[in-house]
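The values are calculated or read from the model by the stated rules, or taken from the named source; none is laboratory data. For clarity, every value in this text was computed on a predicted model and none was experimentally measured. Here the Cβ positions follow ideal geometry from the backbone for every residue, glycine too, while neighbour counts run over all protein chains shown. When the accessible area is computed, the model is the full protein with side chains, heavy atoms only, and any ligands, DNA or RNA have been set aside. Shrake-Rupley method; radii C 1.70, N 1.55, O 1.52, S 1.80 Å.
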Amino acid sequence: MTWVLAAGHADEWTGDDLGQAAAVLSERIGTAVCTSGMDADAQSRLRETFLASVHKSLVADDSAAVESGHFWSAAAGPLLVTLSAAA
């Protein structure tokens, strides 16, 4: 799984547990947002509006695609997440 958050924050994670992938995404994006200098309201809006949307899509939609060997991606505002099956 790879993701990009606007303003140059990019990261990736490798594993086979999709629940853990969602947890890692939330934790790492949360850390990036906390250290970004955004005020508390902006941080909250980003988490609620963008991260929650992608997180929900990740846990609801990705498993069938990835288990079938397909690529999955979702974007919301400044956040783009992609997931692919292991080679």
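Data overview
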| read-out | value |
| --- | --- |
| Label of the coordinate-derived value, Rg/Rh (Cα atoms, Kirkwood Rh), listed as (i) 1.06; (ii) 1.09; (iii) 0.97 | (iii) |
| Tilt relative to the chain, helix 18-34 - C-alpha long axis, 0 to 90 degrees, to 10 | 20 degrees |
| Extension gain, S73 back to E48 (0.36 nm per residue minus Cα-Cα distance, nm) | 7.1 nm |
| Computed helical MRE - 222 nm, the chain, DSSP H runs ≥ 4 contributing -39500 (n - 2.57), nearest 500 | -14000 deg cm²/dmol |
| Which of D39, D11 is most accessible, then next, and so on - probe 1.4 Å | D39, D11 |
| Part-to-part distance (alpha-carbon centres) for segment 1-40 and segment 64-87, which is given in Å | 14 Å |
| Label-zone membership for segment 19-57, site A65, 7 angstrom Cα→C-beta point, backbone N under 11 Å | 57 |
| Cα centre as origin, Lys/Arg/Asp/Glu Cβ charges: the chain dipole, Debye | 200 debye |
| 0 to 90° range, to nearest 10: angle between helix 52-67 axis and the chain longest Cα axis | 10 degrees |
| Percent carbon-and-sulfur accessible area, the chain, ignoring ligands, DNA and RNA, probe 1.4 Å | 53 percent |
